[in-house]
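The values are calculated or read from the model by the stated rules, or taken from the named source; none is laboratory data. Everything quoted here is computed from the prediction, not taken from an experiment. FYI the Cβ positions are ideal-geometry reconstructions off the backbone, even for glycines, and counts take in every protein chain you see.
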Amino acid sequence: MLQRGKLLLPLVIAAFGCGDADTTDVVDVPVRIGMVALDSRNEPVLVLEEEGGSRMLPIWIGLDAAHSITAEMEQHRPPRPNTHDLAKRVIQGLDGEITKVVVTKLQEGTYYAILNLVALGRIVEIDARPSDAIAIALRAKAPIFVRATVFEEAGEVVIPDSKGKRVESPRPRHDPPTGISSATSQRSL
């Protein structure tokens, strides 16, 4: 007899319009969360730092996602699960495993990401907002990557690091922050 999770997971995969992973020649660069900060307009910015390199990628995110990411980084557990906790539990409850997150492209000022899963012996890619995918990856202890082409497309911008020192980082197509007003920093995951 099949387990309930083995019956439901294919339905979940089909419902989200997911497909098998494409194995074309792409380079995914490992990154870590450098900081979650507020820009001068008090908009949250998630800064991804290249592992073993100097490139950084600022991604403007929503306040709820910023709270969820920083809470997980600081190991603050809410009394009830939030949406990212729920997503991780659903995936694991259906015998899926989160293997990695990849920020895949920058299109018209918007970043895109995929959440990679192994489910029923298949590699599955699920389209997701980078902030949601990263919040789930943190909870699952899954690695985070940025496609090399995204660093190239983003360009360069100068933003201060957590010590107030100005550092170079890739620039999104929309206006970058003029300064960071507060920050939570984590050097390694």
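Against the conditions (1) part of a loop (DSSP other than H, G, I, E, B); (2) free of Cβ contacts under 8 Å to residues at least 12 places away in the same chain, G53 satisfies every one except (2). With the requirement that a residue be assigned to a loop (DSSP other than H, G, I, E, B) and more than 16 Å from V45 (Cα to Cα), what does the stretch 95-147 give you? Once the filter is applied, which keeps residues that are assigned to a loop (DSSP other than H, G, I, E, B) and more than 16 Å from V45 (Cα to Cα), the stretch 95-147 yields D95, G96, E108, L120, G121, K141, A142, P143.
Against the list (1) surrounded by 20 or more Cβ atoms within 10 Å (Cβ to Cβ); (2) over 19 Å from A37 (Cα atoms); (3) at pLDDT 95 or above, the condition K141 fails is (1). On the basis of being closer than 19 Å to A37 by Cβ and modelled with pLDDT of 95 or more, does I61 make the cut? Against the criterion (closer than 19 Å to A37 by Cβ and modelled with pLDDT of 95 or more), I61 qualifies.
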